1. If you take every residue apart from ASP10 with its C-beta less than 13 Å away from the C-beta of ASP10, what net charge results, scoring Lys and Arg +1 and Asp and Glu -1?
2. Probe of 1.4 angstrom, ligands and nucleic acids ignored: what's the accessible area per residue over the chain, in square angstrom?
3. Using a Gaussian network model of the chain with C-alpha springs under 10 Å, which one of LEU44, LEU28, LEU57 is most mobile by mean-square fluctuation?
4. What percent do you get for the relative contact order of the chain when only Cα pairs under 8 Å and 6+ apart count?
5. Ignoring ligands, DNA and RNA, please state the percent of accessible area on the chain from carbon and sulfur, probe 1.4 Å.
6. Of SER41, SER56, SER16, which has the largest mean-square fluctuation in a 10 Å C-alpha GNM of the chain?
7. For P(r) over Cα pairs in 10 Å bins from 0, in percent, which listed value, [x] 21, 52, 26, 1; [y] 18, 38, 25, 11, 5, 2, 0; [z] 16, 36, 37, 11, 0, comes from the coordinates shown?
8. Can you compute the charge dipole magnitude of the chain about its Cα centre, using +1 on each Lys and Arg Cβ and -1 on each Asp and Glu Cβ, nothing else charged? Give it in debye, rounded to the nearest 20.
Amino acid sequence: MAQVGWIDSDSFDEHSNGPGHVESPERLFALRETIASGSLSSLLIPKEAEPINTQSLNRVHTQSHIDNI
């Protein structure tokens, strides 16, 4: 099977869109637990998240979206 890069960071736990939103620290915890307890972890190449520059962000997001963040 092919390996897949897995980008993660403790800083992701600080991101919350409010109660009930799918993007939550609880979801990340559950996902990390699931990966660690199964065979999926052997297929993942862990990478630490790195800062990104505006030029790279503009490749996938509009400037308006970036400004809102």
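The values are calculated or read from the model by the stated rules, or taken from the named source; none is laboratory data. The structure presented is a predicted model; accordingly, all values stated were derived computationally and were not measured. Cβ atoms come from the backbone with ideal geometry, glycine included; neighbour counts cover every protein chain shown. Only protein heavy atoms, including side chains, enter the accessible area calculation; ligands, DNA and RNA are left aside. Shrake-Rupley method; radii C 1.70, N 1.55, O 1.52, S 1.80 Å.
1. On the way: positive: ARG32; negative: ASP8, ASP13, GLU14, GLU48.
Net charge around ASP10: -3.
2. On the way: 5750 Å² over 69 residues.
Roughly 83 Å² per residue, with all protein chains present.
3. LEU57
4. On the way: 43 pairs, mean separation 27.9, N = 69.
It rounds to 40 percent for the chain.
5. Numbers: 3200 of 5750 Å².
Carbon and sulfur: 56 percent of the exposed surface of the chain.
6. Per the Cα network of the chain with a 10 Å cutoff, SER56 tops the list.
7. Computed from the coordinates, P(r) over Cα pairs in 10 Å bins from 0, in percent corresponds to [z].
8. Details: 4 positive and 10 negative charges, 61 e Å.
With Lys and Arg at +1 and Asp and Glu at -1, about 300 debye.
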